[in-house]
1. Per 0.36 nm of contour for each residue apart, how much would the distance between I292 and L171 grow if the chain were fully extended, relative to their Cα-Cα spacing?
2. Of the labelled options [x] 17.6; [y] 21.0; [z] 16.4, which one gives mean projected area of the Cα convex hull in nm² as computed for this structure?
3. Residues of the stretch 231-268 with backbone nitrogen within less than 15 Å of a virtual label 7 Å along the Cα-to-Cβ line of Y313, please, listed as ranges.
4. Given the DSSP H assignment, sum -39500 (n - 2.57) over each helix run of at least 4 residues in the chain and divide by its residue total; what's the result at 222 nm in deg cm²/dmol, nearest 500?
5. Under a GNM of the chain (C-alpha, springs under 10 Å), which listed residue has the highest mean-square fluctuation: Q266, Q296, Q74?
6. For the stretch 2-318, what is the charge dipole size about the Cα centre, in debye to the nearest 20, if Lys and Arg each add +1 at the Cβ and Asp and Glu each add -1 at the Cβ?
7. With the crude spin-label approximation of a point 7 Å out along Cα→Cβ, what separation in nm comes out for L53 versus L142?
8. Taking the simple approach of a point 7 Å from Cα along Cα-to-Cβ for both L5 and L108, what is their distance in nm?
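Coordinate-derived values only; no laboratory data. Predicted model, so just to flag it, every value in this text is computed and none were measured. For neighbour counting, all protein chains shown are included, and Cβ atoms are generated from backbone atoms with ideal geometry for every residue, glycine included.
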Amino acid sequence: MLRSLLALSVIALLAVVLALAIGSVTISPSELWAVIQDQGSVLHQTLVWDLRLPRTLAAFATGGLLAVAGALMQVLLRNPLADPYVLGLSGGAAVGALLAMLGGMGALAISGSAFVGAMFATVLVFGLAHGTGSWTASRLLLTGVVVAAGWGAVITLMLALTPSYKLPGMLYWLMGDVSYARTPWPALVVLALAVIVIMPLARNLNVLARGSMQAAALGVSVRPLEWSIYLLASLLTATAVTTAGSIGFVGLIVPHMLRLVLGNDQRIILPASALAGGTLLVLADTLARTVIAPEQLPVGVITALLGVPTFLYLLHRSR
């Protein structure tokens, strides 16, 4: 367990260093070391401290949030193909963000509106799935799928009615773009706190993954645990979407691949998801910045291009 986490930590550190060094202006290892020691040129210091490091940390935090949320959703729904967006949270966040853009609000108001929209979608799905009685994983999943389809229709209508000069920014947000991140620190703090909070529950999550009846027979408080997982996964997803828009496949692919390699022990899957998800999005964002430099691609395009064939391979392998 510790060896795997240590290896993932080293890979994550190397990915961050690579992201700091590569871009429209390449910084050599010696120049990067000089910048770290506060001895580099003014240009390199500006590039690293003001531009690349905040964006890289935002990408790492967003990827880690999505991967951990995906791992929690897969346990909650007992479905290895569940992802953070399966319950319609990204749709609610997108509607909130697009409404703020239509109103001409600033970046901070757009992020706040996206977070409010995501949390509203959380309450809506939970309320509809619960109804007048209890809810099951299948009922929650079906409710989330229907609500997500409804959000998609609202988003399509908004785009159709939006003036053409506002469409590029709205489309970039919908595709996911780390350049919109104002500061990485709130997302990093939420990610660290989430891992700290969820780790003591990892043993119960291992039991819950085998089924709610078995978990209850072994003394696990199933319903409070499921509520906690749902709320925590929703908070993580809302924070990620608020930070960088809707970025797909990270929360689906990363936990699934880690289970194939490391097994299904949540004590290692959850922290490993945070590290691997962050590393994946840092590398994807670096590729998005450099593949057609000086122009940039939305990082959501890169994760989709990487995620689709990876998902098809995993699906074929698990057959």
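1. Details: separation 121, 0.36 × 121 = 43.56 nm, distance 1.88 nm.
Value of the extension gain: 41.7 nm.
2. [x]
3. Within reach of a label on Y313, which here means backbone N under 15 Å from a point 7 Å along Cα→Cβ, the stretch 231-268 contributes 253-261.
4. -24500 deg cm²/dmol
5. Evaluated over the chain, the most mobile residue of the options is Q296.
6. I would put it at about 720 debye.
7. It is 5.2 nm.
8. In this crude label model, L5 to L108 measures out at 3.6 nm.
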